[in-house]
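Report on one structure; see the data block that follows.
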Ligand code: DAH
């Protein structure tokens, strides 16, 4: 029984392994149930008690030594495998794209840029807020009472984290909380838009659980409903590139505005072609109104001196309308084919 010979042989076998699989085979060949080291242990039964003790200890010590060696080698081979995978799967990002899968600008990204530049030309700056909001900014400060249907589970995504008032945090259901954040941090005059992602538990051809809105807020000493109408009509005419756009304002209700309205855009489909701004069909694209004095006071703005208007536009809707796209879910499919077909080249961007 040459224990040291088995050790030497095993060490050599371990060192010559080039893959994790080979190492596994060596492990089985020496330390497995029918392996050589285990075989040595089985031979002990023919030895004297004295020999059993000393040889047994020697066999166990080479077993431990081999186990350690295999573990070390395993780590080396694992790193080697990862490195070789990384170099084999290397992507040359400087390589020109093939013409079939040309990268294009997503319609929503284009809308974001257009909306920002239209409002920037009217003197609005861009404000931002977090997607994960507290109950206070998303609801309470906006005068949305505790029992308002918008708070019900089917609309709002709640998350496990709690806010300072021990209420669950939410994925913001609209961009309106950015109004509150801005009014709390900034003194009037205020003239901001807040484009961004919003979330509601809803999904069909015209609703997606994640969608986009742009919020607008204008506060000074005299802003009124006719300023609001003028602003929104100018925005729509520029965005849809249509003059004398046919629109209508309908009275509505939002807890954070008083009075409140919704704006619809006229459209028609003639010979399968969508015409925006004319015809007898209507599509609702935004909610708006004069900021409720209660909301101003919630943000420590003196409502006897200041007033203003706010609006919230569904960006996915106006994108679908402008480009004749029917299913909102396609926006978020992540399909390069869809984006190649419906997106915009940087040239005409
Ligand atoms: N936050 C409203 C919603 O998501 C939209 C909205 C309506 C925003 C009226 C406003 C507003 O700022 O004044 O349904």
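Only the coordinates and a few stated rules stand behind these numbers; no lab work does. Small disclaimer: the values here were computed from a predicted structure and weren't measured. Note that each Cβ is placed from the backbone with ideal geometry, even for glycine, and that neighbours are counted across all protein chains shown.
The angle separating the long axis of helix 49-88 from the principal Cα axis of greatest extent in the chain is about 40 degrees. Applying 1/(1 + (r/R0)^6) with R0 = 35 Å to the Cβ-Cβ distance of residue 80 and residue 201 gives a FRET efficiency near 0.15.
Each principal axis of the chain carries a Cα extent, and these read 107, 53, 32 Å when sorted largest first.
Going from the fewest other Cβ atoms within 10 Å to the most, the residues 134, 335, 87 appear in the order 87, 335, 134. Axis of helix 20-31 versus longest Cα principal axis of the chain: the two differ by about 40°, to the nearest ten degrees.
For the stretch 306-349 versus the stretch 32-87, the spacing of their alpha-carbon centroids is 63 Å. Please work out the C-alpha center-to-center distance from the stretch 221-278 to the stretch 109-157 and express it in whole Å. Centre-to-centre distance over Cα atoms comes out at 19 Å. Helix 3-15 sits at what angle to the longest principal axis of the chain, using alpha carbons and giving 0 to 90 degrees rounded to 10? Helix 3-15 sits roughly 30 degrees off the main axis of the chain.
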